[in-house]
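Please read the structure below before turning to the comments.
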Amino acid sequence: MTILELCDPEVAAVPLQATVADAIRLMLDRHVGATAVIDNERRVAGIFTERDVLRKLALSRHDPEKIPVREFMTSAVEMATTATTPGEALATMVERHYRHLPVIDDDGRLLGILSIRHLLQGRIDDLTRELDSLEQYVANDGPGG
């Protein structure tokens, strides 16, 4: 399975002109922990996460309805491409303590957002199928086995 197949079908993304409140509403509506912040050409300018809300906004006394998301987003964004394997993505996320990785095409345009939850669920599904296959193999042991 590719990392793009592991992403949510609808990409959570807001434009650079969005407010912090817009980004938070989208995250709540989609039940996700991050949203990409994109420019007019769908290139990733940053990522806004639950951690940004906690670290930068929660005690700042700023009005989320009035503050542009670009002021609170994380702009140094690690990204994956369609060539990135699930194993590579998981290693990056674990090593750097990321929970989300935007997936981009060759032109840098956003295709999806991969979460560590997606990767772990994919791995659990793979292991479950492998275990089921092994159990079937053992259960079907025929004559001479």
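The values are calculated or read from the model by the stated rules, or taken from the named source; none is laboratory data. Being a predicted model, the structure only gives us computed values, none of them experimental. Backbone-built Cβ (ideal geometry, glycine too); neighbour counts: all protein chains shown. Heavy atoms of the whole protein, side chains included, go into the accessibility calculation; ligands, DNA and RNA do not. Shrake-Rupley method; radii C 1.70, N 1.55, O 1.52, S 1.80 Å.
Summary of the geometry: the range 43-74 and the range 92-145, compared by the centres of their Cα atoms, lie 31 Å apart.
Database remark: amide H of Ile67 closer than 5 angstrom to the amide H of Val20, Ala21 (H placed geometrically; neighbours at sequence offset of 5 or more, or on other chains; Pro and chain starts carry no H).
Calculated from DSSP H runs of 4 or more alone, at -39500 (n - 2.57) each and per residue, what is the 222 nm mean residue ellipticity of the chain, nearest 500? If you can, show how the numbers build up before the last one.
Working: 4 runs with 50 residues, N = 145.
-11000 deg cm²/dmol, from helical runs alone.
Just so you know, the Cα atoms of the range 39-103 work out to an Rg and Dmax of 14.0, 42 Å.
Solvent-accessible surface of protein heavy atoms, probed at 1.4 angstrom with all chains present, puts Asp29, Asp52, Asp126, Asp106 in the order Asp106, Asp29, Asp126, Asp52, largest first. Remark on Ala45: its backbone amide H falls under 5 Å from those of Val37, Ile38, Asp39, a criterion applied only to residues 5 or more positions apart or on other chains, H modelled at 1.01 Å from N. All Cα-Cα distances of the chain, cut into 5 Å bins from zero to the largest, leave 2, 10, 18, 19, 16, 11, 7, 5, 4, 3, 2, 2, 1, 1, 0, 0 percent in each bin in turn. What is the antiparallel percent of DSSP beta bridges lying wholly in the chain, to the nearest 5? Rounded to the nearest five, the antiparallel share is 70 percent.
Students often get this wrong: which residues of the range 57-86 have the backbone nitrogen under 19 Å from the point 7 angstrom along Cα-to-C-beta of Arg96? The answer is 72-86, whose backbone nitrogens lie closer than 19 Å to the label point.
Tell me, what is a quarter of the convex hull surface for the C-alpha atoms of the range 11-63, in nm² with one decimal?
Details: hull surface 14.1 nm².
Its Cα hull, projected and averaged over all orientations, spans 3.5 nm².
Tell me, what does the Kirkwood hydrodynamic radius of the range 84-145 come to in angstroms if you use every pair of distinct C-alpha atoms? 14.1 Å is the Kirkwood radius here.
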